[in-house]
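Scroll down for the structure; my scribbles are underneath it.
The values are calculated or read from the model by the stated rules, or taken from the named source; none is laboratory data. Fair warning: this is a prediction, and the values are worked out from it, not measured in the lab. All Cβ positions, glycine included, derive from the backbone under ideal geometry; neighbour counts span all protein chains shown.
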Amino acid sequence: MNTTSTDIPATMTGAFLPGDSTVALRDTPVHTPGEGQVLIRVRASGICGSDIHYIYNGHIGEGGAAYNDVVAGHEPAGEVVATGPGCKRLRPGDRVAIYHISGCGQCDECSRGYFIGCTSELRAAYGWQRDGGHAPYLVADENTCVPLPEPLTFVDGAFIACGIGTVYEALTRIAVSGADRLLVTGLGPVGAAAAMVARALGVQTVYGTEVVPERVEWARSLNLFDEVIDSSGAPLEAIHELTAGTGVEAAVDCSGHPAARSLALKALRVRGRLALVGEGGTMHIDVSDDVLHKQVQISGSWVTSVPGMTRLAELLARQELHPERLVSDRFPQSEADHAYKAAVGRAAGKVCLVFDN
């Protein structure tokens, strides 16, 4: 094993999610990286809405097996401190963000870098089926590690894979550009990230809609949106007024709510493009009026790929954009329980654990 130091401990404290809306801090081993693996000193680890919905509030999955009582957290970033046999690219000292799924490496989806789509029994998500980032150290497969270029911070990196990467994939799939006006429905951390990425891709005009008052005010404070519309009123009329009755060229729903999805679709102009990102729920579509007669494109997008995440990190670094600004609450790992309670309740933006190790 190639390592930068000899002071790596044998054990550490990891944050686990029992499924009863609490966090359990327990001793757990610091594992040695195996073939093609690296040991990461974790510097930041984000909390995702899927962690809350599917694990923290109660384990959801086939037979309750989706979460395998591992260290939680699928949004880590940190520094390589050791490499296992067969590593070809990374060296101790390298700064990395982690793509949150490890796949079989052989199937069609894996060959494209979309480990999220791997259907092999070998597929495992950090923080779900294998140890994740809510601990000082993490063993990661080298092929899931994305270089974190300067001047991006570790907190930036923790937000890249699942949050920023998700909307980057969606927006590139509907090919947004400076010719578009974009509507974002659902202005949590992912929705705000959509505005940031859209600006980086050249979009000049971005509108947002949100129903939660605290998030309306938070989104307005970011100065990423030309207009933030309280969707508890008449948001479609407001959008038509802003666009002189034409509607927007592109929209992305980050809420997963049926009403927000419908709004995003109806707000499109003729030949508009819609990307659906928010998980769960349903969507009512009047196929003739909303889709066929308007000739719109609807695209589903599930996270991103390792190459996509790499391109995104480079884009953010070149434009000196910091996803960190969308983090509203930071906690040390010792206060992980408070961090999850904040993510469930009062936090307007992203919640992140930060490490001093």
Extreme residue, surrounded by the most Cβ atoms within 10 Å (Cβ to Cβ), among residues of region 35-79 that are among the hydroxyl-bearing types (Ser, Thr, Tyr) and modelled with pLDDT of 95 or more: SER45
Since GLY280 meets every condition but one in (1) within 22 Å of GLY186 (Cα to Cα); (2) in the same structural domain as ALA200 (by TED's automatic domain parsing); (3) in a strand (DSSP E or B), which condition does it not meet? (3)
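Looking at SER299, is it at pLDDT below 95 and in a strand (DSSP E or B)? Spell out the reasoning first.
Working: at pLDDT below 95: no; in a strand (DSSP E or B): yes.
Spelling it out, it is not the case that SER299 is at pLDDT below 95 and in a strand (DSSP E or B).
Would you mind stating whether SER221 is out of contact with any Lys or Arg (no Cβ under 6 Å at 6 or more places or on another chain), within 18 Å of LEU326 (Cα to Cα) and surrounded by fewer than 23 Cβ atoms within 10 Å (Cβ to Cβ)? Please lay out each step first, then the result.
Values: out of contact with any Lys or Arg (no Cβ under 6 Å at 6 or more places or on another chain): yes; within 18 Å of LEU326 (Cα to Cα): yes; surrounded by fewer than 23 Cβ atoms within 10 Å (Cβ to Cβ): yes.
Against the criterion (out of contact with any Lys or Arg (no Cβ under 6 Å at 6 or more places or on another chain), within 18 Å of LEU326 (Cα to Cα) and surrounded by fewer than 23 Cβ atoms within 10 Å (Cβ to Cβ)), SER221 qualifies.
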Taking ALA170 as the residue in question, decide whether it is closer than 14 Å to LEU224 by Cα, modelled with pLDDT of 95 or more and aliphatic (A, V, I, L, M). no
What's the number of the condition GLU314 fails, among (1) touching a strand residue (DSSP E or B) at 6+ places or on another chain (Cβ under 8 Å); (2) of a type in the set (D, E, K, R); (3) assigned to a helix (DSSP H, G or I)? (1)
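Just to verify a result, which residue in region 141-188, among those that are among the aromatic types (Phe, Trp, Tyr) and closer than 22 Å to VAL80 by Cβ, is surrounded by the fewest Cβ atoms within 10 Å (Cβ to Cβ)?
Within region 141-188, the first condition is being among the aromatic types (Phe, Trp, Tyr), and the residues that meet it are 154, 159, 168.
Okay, now just the ones that are also closer than 22 Å to VAL80 by Cβ, so 154, 159.
Working: PHE154: 23, PHE159: 30.
Of everything passing the filter in region 141-188, PHE154 is surrounded by the fewest Cβ atoms within 10 Å (Cβ to Cβ).
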Step by step: first the residues of region 307-357, then only those that are of a type in the set (S, T, N, Q) and surrounded by fewer than 23 Cβ atoms within 10 Å (Cβ to Cβ), then the one that is farthest from SER45 (Cα to Cα). Which residue is that? GLN319
Those residues of region 20-49 that are of a type in the set (Val, Ile, Thr) and in contact with a helix residue (DSSP H, G or I) (Cβ under 7 Å, 6 or more places away or on another chain) come to a total of 4
From the options GLY247, GLY281, residue that is free of Cβ contacts under 8 Å to residues at least 60 places away in the same chain, of a type in the set (Gly, Ala, Ser) and under 28 Å from CYS48 (Cβ atoms): GLY281
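Filtering region 110-145 down to residues that are of a type in the set (D, E, K, R) and part of a strand (DSSP E or B), which residue is nearest to TYR56 (Cα to Cα)? Before the answer, list the steps.
Quick first cut of region 110-145, residues of a type in the set (D, E, K, R) only: 112, 121, 123, 130-131, 141-142.
So of that shortlist, the ones also part of a strand (DSSP E or B) come out as 130, 141.
Working: ARG130: 16, ASP141: 25 Å.
Ranking the qualifying residues of region 110-145, first place goes to ARG130.
Residue-by-condition table, conditions (1) of a type in the set (Val, Ile, Thr); (2) outside the structural domain of HIS257 (by TED's automatic domain parsing); (3) under 21 Å from VAL344 (Cβ atoms); (4) in contact with a Gly (Cβ under 9 Å, 6 or more places away or on another chain):
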| residue | (1), (2), (3), (4) |
| --- | --- |
| SER111 | no, yes, no, yes |
| LEU122 | no, yes, no, yes |
| PRO136 | no, yes, no, yes |
| ASN143 | no, yes, no, yes |
| VAL146 | yes, yes, no, yes |
| THR185 | yes, no, no, yes |
| ALA194 | no, no, no, yes |
Just to be sure I understand the filter: pairs with C-beta atoms under 8 Å, separated by 6 or more residues or on different chains, first member in region 260-274 and closer than 15 Å to SER288 by Cβ, second member of a type outside the set (Val, Ile, Thr) and part of a helix (DSSP H, G or I). Which pairs pass? LEU265/ASP290; LYS266/LEU236; LYS266/ASP290
I need a count of the residues in region 211-240 that are of a type in the set (S, T, N, Q) and either farther than 21 Å from MET196 by Cβ or modelled with pLDDT under 95 (or both). 1
